Amino acid sequence: MKNKNYSGEHLAFLKKEKKNVAIVWAARVGVLALILGVWELIAQLELVDPFIISSPSRIAAMIGELWSNGSLFYHIGTTLWETLAGFAIAVVLGSLIALALWWSERARKILEPYIVVLNSLPKIALGPVIIVWFGSGSSAIIFMTVLVGIIVAVMNMLSGFLATDKNKITLLRSMGASKMQILTKLVIPSALPEFIGMLKICVGMAWIGSIMGEYIASKAGLGYLIVYGGQVFKLDLVMAATFILCVLAAGMYFLVVLAEKLVIKHPR
Amino acid sequence: MNEILDRHILSFKDVSLTYHTKEGETLAVKGLDFYVREGEFMAVIGPSGCGKTTVLSLAAGLLKPSSGEITVRGRPARESAGKFGYMLQKDELFPWRNIEKNITLPLEISKKNTPENRQRALGLAKKYGLGEFLRYYPDQLSGGMRQRAALIRTLAPAPEILLLDEPFSALDYQTRLSVCNDVYSIIRGEKKTALLVTHDISEAISLADRILVLSKRPAKAVAVHEIGFEEMSPLKRRESPQFSVWFEKLWKELNI
């Protein structure tokens, strides 16, 4: 067990480490403040037309306006629902398909070229088809989100399952384990880091999918605000919606990082 | 040798195995004949790549011989699931399970996770110095401790024969000598039959009652030797003058 009664030298080392962390954080905040400050200054002094580049204060005012007219949470809620639903379906369905492909080597070999083609296809090409199939509501956007995320989920999970240590499989087989036992006792738990990695990628993919979907067909949501703002030259609206998007996407990513810390306590 | 030791628990009779891959076929084992007596520690040595691990996989029923017969107490080895305990080069402990759950894993797999069996397995862990570490995770233990935990896991389902596939090769030299001593005394203490494959001649001499020497691929038996150190511990054997005599003899037979 580690000694907790540290020497003076070790305490100095810890203090220095703490200071380093503080410097990094201060610099991070500083960079943001600098960018916002310069941006605001350029807009205030009208070095560039603020109508085109907007400004932090105009963005804040726009968010305040959306808040007071009650539409802020309506749009956030719409996009968040579409993103989370698409994300959840892509992750669950993708993992199940990956499991089936791990189970059957033949199915894997048969489906491999299709997966590769689907992966390289720009999903936005399917936009018109999706509108015809689903109309212009949330279900079309959720479908687009699933489409963007699912292949990535399948490919990441499959490579995670296939990377299971061969010696551990031999060990289980020598104990007389069935394929189902190998799956549940070894393959799934050992692929947990890949699962978390896949979640991280799928968070990004889900936002791409939902915003792309809203670009194609929507009546509400942050993507709708961006497109609408662009069409009527309300750059403040475009920037405000983009800013909110940044915050939401980062928040979702950090939730996954938090989950990783809670779930993976011992290195695989 | 007494009467009990003379009973053959495991027999290979004219066993051959051919591997098939896209690149062609490889004869890995050719007409291999040998037996292991109940309660003895048998070591198999051979040039690297000769198919030593294949011999263990055949014994454990993980591979099916192309021809010949492998029997456990006169019955086909493939019908003897659960009679073998397999120990690999690395400990292969599952990092997400604590030591207790690693040790009882074979009981879960064979659906024999009864309170009595668990008690017996945990009793072994306590007897051999892992009692305080049952709640620890593998990454919190030293290499030697981990290998000991792997051995206890192998012993947990009370197998009749232990198959040891170079179980010390992933350890550093000092740990290796001490774990080797530990493993020997545990296997002797539990009166188990063991079949060890190793590329390390000294390891074979320090552990085994008998040594089977295999040829280069395709593996067949070159010689079988009674080492005759009786109950001497591996470290004591290494100090004996007979040790180097055996070493030279086996080295010549390996003909590397």
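Can you tell me which residue in the range A:43-65 is surrounded by the most Cβ atoms within 10 Å (Cβ to Cβ), limited to those that are in a helix (DSSP H, G or I) and of a type in the set (S, T, N, Q)? Outline the logic, then answer.
So in the range A:43-65, the residues in a helix (DSSP H, G or I) come out as A:43-44, A:50-53, A:56-65.
Retained after the next criterion (residues that are of a type in the set (S, T, N, Q)): A:44, A:57.
Numbers: A:Gln44: 11, A:Ser57: 15.
The selected residue is A:Ser57.
Can B:Phe94 be described as facing chain A (nearest Cβ under 10 Å) and either in contact with a strand residue (DSSP E or B) (Cβ under 6 Å, 6 or more places away or on another chain) or not charged (D, E, K, R) (or both)? So B:Phe94 passes the test. Only one entry in A:Glu46, A:Glu82 is among the acidic types (Asp, Glu) and farther than 30 Å from A:Gly209 by Cβ, namely A:Glu46.
If you take the residues of the range A:156-191 that are surrounded by fewer than 16 Cβ atoms within 10 Å (Cβ to Cβ) and in contact with an Asp or Glu (Cβ under 9 Å, 6 or more places away or on another chain), which of them is farthest from the other protein chains (Cβ to nearest Cβ)? Restricting to residues being surrounded by fewer than 16 Cβ atoms within 10 Å (Cβ to Cβ) and in contact with an Asp or Glu (Cβ under 9 Å, 6 or more places away or on another chain), the top hit is A:Ser159.
Summed over the range B:98-111, the residues that are in contact with a Pro (Cβ under 8 Å, 6 or more places away or on another chain) and either over 15 Å from B:Thr154 (Cβ atoms) or surrounded by 22 or more Cβ atoms within 10 Å (Cβ to Cβ) (or both) give a count of 3.
Among the residues of the range A:88-110, write down those that are among the hydrophobic types (A, V, I, L, M, F, W, C) and farther than 15 Å from A:Met157 by Cα. Answer for the range A:88-110, where residues must be among the hydrophobic types (A, V, I, L, M, F, W, C) and farther than 15 Å from A:Met157 by Cα: A:Ala107, A:Ile110.
Residues that are within 14 Å of chain A (Cβ to nearest Cβ) and buried (at least 20 other Cβ atoms within 10 Å of the Cβ) within the range B:134-151 comprise B:Pro138, B:Arg146, B:Gln147, B:Ala149, B:Ala150, B:Leu151, listed in sequence order. Only a single item in (1) of a type outside the set (Asp, Glu); (2) within 14 Å of chain A (Cβ to nearest Cβ); (3) on the phi > 0 side of the Ramachandran plot; (4) touching a helix residue (DSSP H, G or I) at 6+ places or on another chain (Cβ under 8 Å) is not met by B:Gly129, and it is number (2). Residues in the range B:170-201 that are part of a loop (DSSP other than H, G, I, E, B) and under 16 Å from B:Glu40 (Cα atoms): B:Glu190, B:Lys191, B:Lys192. For the range B:165-173, the count of residues that are crowded, with 22+ Cβ neighbours inside 10 Å, touching a Leu at 6+ places or on another chain (Cβ under 6 Å), of a type in the set (D, E, K, R) and touching a residue at least 40 places away in the same chain (Cβ under 8 Å) is at least one.
A quick yes/no check of all residues on (1) under 22 Å from the mean Cα position of the chain (by Cα); (2) assigned to a helix (DSSP H, G or I); (3) in the same structural domain as A:Trp102 (by TED's automatic domain parsing); (4) over 28 Å from B:Leu56 (Cα atoms):
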position	(1), (2), (3), (4)
A:Val129	no, yes, yes, yes
A:Ser139	yes, yes, yes, yes
A:Ile142	yes, yes, yes, yes
A:Val152	yes, yes, yes, yes
A:Asn156	yes, yes, yes, yes
A:Leu172	no, yes, yes, no
A:Gln181	no, yes, yes, no
A:Val187	no, yes, yes, no
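Taking the criterion of being surrounded by 10 or more Cβ atoms within 10 Å (Cβ to Cβ) and modelled with pLDDT of 90 or more, the residues of the range A:1-14 that qualify are A:His10, A:Leu11, A:Ala12, A:Phe13, A:Leu14.
I need every pair where a residue in the range A:245-268 that is within 14 Å of chain B (Cβ to nearest Cβ) has its Cβ under 8 Å from the Cβ of a residue that is assigned to a loop (DSSP other than H, G, I, E, B), sequence separation at least 6 or different chains. The qualifying pairs are A:Lys265/B:Tyr137; A:His266/B:Pro95; A:His266/B:Trp96; A:His266/B:Tyr137; A:Pro267/B:Pro95; A:Arg268/B:Pro95; A:Arg268/B:Trp96.
Taking the range B:180-193 as the range and being among the hydrophobic types (A, V, I, L, M, F, W, C), surrounded by fewer than 23 Cβ atoms within 10 Å (Cβ to Cβ) and either in contact with a strand residue (DSSP E or B) (Cβ under 7 Å, 6 or more places away or on another chain) or without any contact (Cβ under 8 Å) to a residue 40 or more places away in the chain (or both) as the test, only B:Ile187 passes.
Filtering the range B:94-103 to residues that are touching a Lys or Arg at 6+ places or on another chain (Cβ under 7 Å) and farther than 23 Å from B:Pro115 by Cβ leaves only B:Pro95.
Go through the range B:202-245 and give me each residue that's in a strand (DSSP E or B), buried (at least 18 other Cβ atoms within 10 Å of the Cβ) and at pLDDT 90 or above.
Selection gives B:Arg210, B:Ile211, B:Leu212, B:Val213, B:Leu214, B:His225.
Which one of B:Asn117, B:Asn102, B:Asn113 is part of a loop (DSSP other than H, G, I, E, B) and more than 10 Å from chain A (Cβ to nearest Cβ)? Working first, answer last.
Numbers: B:Asn117 fails: part of a loop (DSSP other than H, G, I, E, B); B:Asn102 fails: part of a loop (DSSP other than H, G, I, E, B).
Result of the check over B:Asn117, B:Asn102, B:Asn113: B:Asn113.
Based on what the data block shows, is A:Ser71 among the small types (Gly, Ala, Ser) and either in contact with an Asp or Glu (Cβ under 6 Å, 6 or more places away or on another chain) or under 18 Å from A:Leu158 (Cα atoms) (or both)? I'd like the intermediate steps shown before the answer.
Values: among the small types (Gly, Ala, Ser): yes; either in contact with an Asp or Glu (Cβ under 6 Å, 6 or more places away or on another chain) or under 18 Å from A:Leu158 (Cα atoms) (or both): no.
So A:Ser71 fails the test.
Checked against (1) free of Cβ contacts under 8 Å to residues at least 40 places away in the same chain; (2) within 14 Å of chain A (Cβ to nearest Cβ); (3) assigned to a helix (DSSP H, G or I); (4) not aliphatic (A, V, I, L, M), B:Gly123 passes all but a single condition, namely (2).
The values are calculated or read from the model by the stated rules, or taken from the named source; none is laboratory data. Predicted model only: the values in this text are computed from it and were never measured. Positions of Cβ are backbone-derived with ideal geometry, glycine not excepted, and every protein chain shown enters the neighbour counts.
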